[in-house]
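Here's the structure we're looking at; comments come further down.
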Amino acid sequence: MIELVNVRKVFNAGQPNEFVAIDGVSLVIDAERTTVFRGPSGSGKTTLLSLIGCMARPTSGRIRLYDREITSLPERFLTGIRQKTFGFIFQQCNLIKGITALENVMLPAYPSGEKHASLKNRAMDLLDTFKILRKAQSKVEWLSGGEAQRVAIARALINNPSMIIADEPTANLDTKLSREFMEIMGRLKSERKTILFASHDPIVYESDLADLVVDLRDGRVEGSVP
Amino acid sequence: MEKWIERQKHIIDFTLSSLLRRKGRNAALILVYTLVVFMLASVVFFVQAIKREASVILKDSPDMIIQRMSAGRHELIPVSYLDQILSIRGVSAVRTRLWGYYYDPVVGANYTLMVAEDSGPAAGSIIIGQGVSRTRLAQEGDTLEFRSHDGAIIDLGVKSTISRESELVSSDLILVSEQDFRRIFGTPAGFATDLAVRVKNPRELSTVALKISERFPDTRQILRDEILRTYDAVFSWRGGMMLVILCGSLLAFIILAWDKASGLSSEERREIGILKAIGWETSDVLLMKFWEGIAISLSSLLAGVILAYAHVFFTSAALFEAALKGWSVLYPTFRVTPFIDLSQLVILFFLAVVPYTVATIIPSWRAATVDPDSVMR
Amino acid sequence: MRKSSLFLLFLAAGIIFLVLMFVHASVQMKAGAASLQAKADLVGKLGLTDLCLFTEASYTRHLSQADLHTPFQNGPMSLEHFPSGSLVMPPAVIRKVNGKVD
């Protein structure tokens with residue numbers, strides 16, 4: 001589980017365009033639970049997710065992951081934790097253009113030196129799970145929005161992480177695809193994965209999956225709904 | 001170890017996929033790169049091979065040539081000098097050399113007419129080099145006409161041709177008897193073109209040369225060492241055409257590397273951010289950039305060098321013929337013995353591969369070290 | 001086949017070719033020893049001093065024997081006008097600063 005203690009994140013500190021993204025957030029996120037961060041744009045949802053996901057360091061405060069302090073770890077260890085523990089799904093898919101869907105899915109595991117055959121099989125299995133195996137050799141520009149989203153989810157799962165972080169995952173999807181997405185998330189939850197969402201989409205925060213909804217505004221927690 | 005290899009292979013997979021995204025552009029890049037390496041390597045191989053061949057072949061050149069000078073010009077030398085030089089301590093042998101240039105108006109070629117001391121042809125016949133044979137289409141048994149200094153026409157029969165093997169030194173030679181030589185050029189008896197001297201002790205060469213120049217102030221001495229140094233400096237990098245090729249190649253390498261060194265596009269920056277976000281470390285990103293540089297430059301180096309070797313040693317540098325031939329009508333076939341040195345390859349490697357690869361890696365350093373959360377925005 | 005395998009194969013082939021080049025050169029050097037010797041013998045027998053590279057003019061044909069004035073016979077303002085002049089420098093003998101020219 002994840003614990004945040006008085007976390008602050010300030011961008012461009014000391015300069016005229018200084019901006020406080022997260023202003024003293026303390027919370028506890030339980031493992032195997034689904035948490036949704038809700039709030040208007042600019043409220044700091046994305047920043048919070050990136051801090052939890054070891055993508056950035058807080059300006060002050062502490063973050064603990066499974067009772068291990070990660071705020072002061074050197075970059076190398078941070079990257080290792082990020083790779084093994086978290087799977088990211090971004091708002092804009094962020095797939096690498098010009099290469100195939102299969103390669104995109106395998107990409108996060110390339111540096112680990114895992115044997116090619118087993119990696120490829122695992123990737124194909126994932127694509128099959130999300131019913132896009134037939135698109136494995138297609139370049140990502142040729143995929144529809146929904147297919148690309150599913151490739152992004154497969155990519156997030158290639159290293160078998162215990163936590164999924166999704167930032168506005170349904171922002172570019174229609175209702176039908178959004179519901180399909182939440183279905184997939186439900187399946188992952190039943191596989192005992194911890195899921196963190198940032199979203200202002202009701203389909204996400206009003207779904208049955210959400211164990212905890214945290215309201216953010218101006219970088220502070222306003223309230224939470226169990 | 002296996003993991004390390006697999007990691008490299010995976011990253012190479014991605015690098016190649018990435019390069020293949022712009023097939024046309026990268027193919028053109030490799031083509032141009034290979035061409036530049038090819039030209040530079042051809043020149044390096046050719047020049048080194050000729051220099052080496054020269055140093056080996058000219059080893060048995062006379063220890064010293066004595067030319068008589070008059071008003072700064074090379075003049076005929078009296079044969080009477082010979083005995084006097086022979087008497088100088090340290091000299092073991094002296095002989096006259098009779099040679100000169102003959103211009104053939106039929107084809108516009110210059111030949112070197114020479115008298116061979118022993119084994120030369122008898123009066124009335126000549127032995128011709130391969131280049132002469134080719135230019136005049138003359139074989140054993142044919143006759144060649146020579147116009148003498150006083151306008152008379154002299155017919156000389158071709159007794160044989162000099163072997164193809166020695167073309168590099170004999171291509172334009174016509175060996176004649178002394179009698180015919182003097183008839184054609186009108187060189188009076190008692191005079192020779194120059195004298196060839198052999199000394200007992202090679203280390204005494206300069207001392208002997210000094211003595212000769214004191215005894216005969218109207219001569220100059222050309223030592224074998226100077227002959228060899230002349231050929232060491234042939235095709236020198238400071239000479240016109242070589243300098244142009246060198247500068248051109250360097251400029252080409254700089255321009256090719258500049259395109260990379262001038263920084264990443266925003267698209268490339270974004271992609272690096274994505275890679276970091278999905279779990280790649282800074283070292284992984286830099287490794288990818290390294291392989292990107294290597295893929296282009298090493299491939300071009302290998303292809304260029306191999307093609308250059310084939311060009312120089314299997315086609316006798318056919319592409320250089322136009323430049324080397326100049327205004328010569330008679331042109332030897334440059335069948336040089338293949339000679340290749342590790343230092344040549346190392347230099348080519350440092351010119352072709354290192355700058356380009358470094359130029360690919362360095363600009364990515366900054367992008368590779370940023371916090372990946374920038375890609376979340 | 002994997003792209004990286006193809007690429008590494010290509011590199012390996014290239015390096016093998018390079019090695020073959022070295023082998024070829026050293027084999028040719030031994031095989032060519034006879035031919036080199038033939039040339040050297042001819043040089044010794046006839047007392048030759050130059051390679052037959054450029055037969056354009058007298059001073060381009062016998063590089064080591066050229067005196068300073070022959071090029072100027074073609075014209076007192078004789079700028080280098082033979083193409084081979086851009087490939088070879090004047091002989092070491094007369095390039096020495098304050099060297100003996102005659």
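Here are some notes:
- Beta carbons closer than 6 Å, at least 6 apart along the sequence or on distinct chains, pair a first residue in the stretch A:165-180 that is crowded, with 18+ Cβ neighbours inside 10 Å with a second that is in a strand (DSSP E or B) and among the β-branched types (Val, Ile, Thr) for A:Ala166/A:Ile89; A:Pro169/A:Ile89.
- For the stretch B:173-204, the set of residues classified as more than 20 Å from B:His149 (Cα to Cα) and within 14 Å of chain C (Cβ to nearest Cβ) consists of B:Leu195, B:Ala196, B:Val197, B:Arg198, listed by residue number.
- Restricted to helices (runs of 4 or more DSSP H) entirely inside the stretch C:1-85, those with at least 1 residues that are of a type in the set (A, V, I, L, M) and more than 27 Å from B:Gly326 (Cα to Cα) are C:3-31, C:33-46.
- Summed over the stretch A:95-129, residues that are farther than 15 Å from B:Ile5 by Cα, of a type in the set (Gly, Ala, Ser) and buried (at least 18 other Cβ atoms within 10 Å of the Cβ) total 2.
- Test: residue in the stretch B:15-29 that is touching a Lys or Arg at 6+ places or on another chain (Cβ under 8 Å) and assigned to a strand (DSSP E or B): no
- Restricting B:Gly124, B:Gly108, B:Gly72 to residues that are away from every other protein chain (no Cβ under 11 Å) and at positive phi narrows the list to B:Gly124.
- Count of residues meeting criterion [under 38 Å from the mean Cα position of the chain (by Cα) and in a loop (DSSP other than H, G, I, E, B)] in the stretch B:67-87: 4
- Residue in the stretch A:19-30 that is of a type outside the set (Asp, Glu) and under 16 Å from A:Phe86 (Cβ atoms) present: yes
- Residues that are surrounded by fewer than 19 Cβ atoms within 10 Å (Cβ to Cβ) and of a type in the set (Asp, Glu), drawn from the stretch A:197-226: A:Glu206, A:Asp208, A:Asp211, A:Asp215, A:Asp218, A:Glu222
- The set of residues in the stretch B:265-318 being over 21 Å from the mean Cα position of the chain (by Cα), more than 8 Å from every other protein chain (Cβ to nearest Cβ) and not in a helix (DSSP H, G or I) consists of B:Ser265 alone.
- Subset of the stretch A:88-108 that is touching a Lys or Arg at 6+ places or on another chain (Cβ under 8 Å) and not in a loop (DSSP other than H, G, I, E, B) - its residue that is farthest from the other protein chains (Cβ to nearest Cβ): A:Ala101
- Residue match in the stretch B:53-65 (condition: part of a helix (DSSP H, G or I) and in contact with a Gly (Cβ under 7 Å, 6 or more places away or on another chain)): yes
- The listed residues are C:His81, C:His62, C:His69, and the only one of them that is closer than 25 Å to B:Gln221 by Cα and either modelled with pLDDT of 80 or more or more than 7 Å from chain B (Cβ to nearest Cβ) (or both) turns out to be C:His62.
- Any hit, the stretch B:133-145, residues being part of a loop (DSSP other than H, G, I, E, B) and in contact (Cβ under 8 Å) with a residue 40 or more places away in the chain: no
- Residues that are within 14 Å of another protein chain (Cβ to nearest Cβ) and part of a loop (DSSP other than H, G, I, E, B) were ranked within the stretch B:146-171; the one that is nearest to C:Arg61 (Cα to Cα) is B:Ser171.
- Residue under evaluation B:Pro332, criteria (1) closer than 23 Å to C:Phe22 by Cα; (2) at the interface with chain C (Cβ under 8 Å from one of its Cβ atoms); (3) not polar (S, T, N, Q), criterion not met: (1)
- Residue list for the stretch B:288-329, filter: in contact (Cβ under 8 Å) with a residue 24 or more places away in the chain and in contact with a Lys or Arg (Cβ under 8 Å, 6 or more places away or on another chain): B:Gly293
- Pick from the stretch A:27-59, criterion surrounded by 13 or more Cβ atoms within 10 Å (Cβ to Cβ) and assigned to a strand (DSSP E or B), ranking: nearest to the other protein chains (Cβ to nearest Cβ): A:Phe37
- The residues of the stretch A:186-196 that are of a type outside the set (Asp, Glu) and either surrounded by fewer than 17 Cβ atoms within 10 Å (Cβ to Cβ) or under 17 Å from A:Asp23 (Cβ atoms) (or both), listed by number, are A:Gly186, A:Arg187, A:Ser190, A:Arg192.
The values are calculated or read from the model by the stated rules, or taken from the named source; none is laboratory data. Here the structure is a predicted model, which is why all the values come from computation and not from measurement. As a convention, Cβ positions derive from the backbone with ideal geometry for all residues, glycine included, and neighbour counts pool all protein chains shown.
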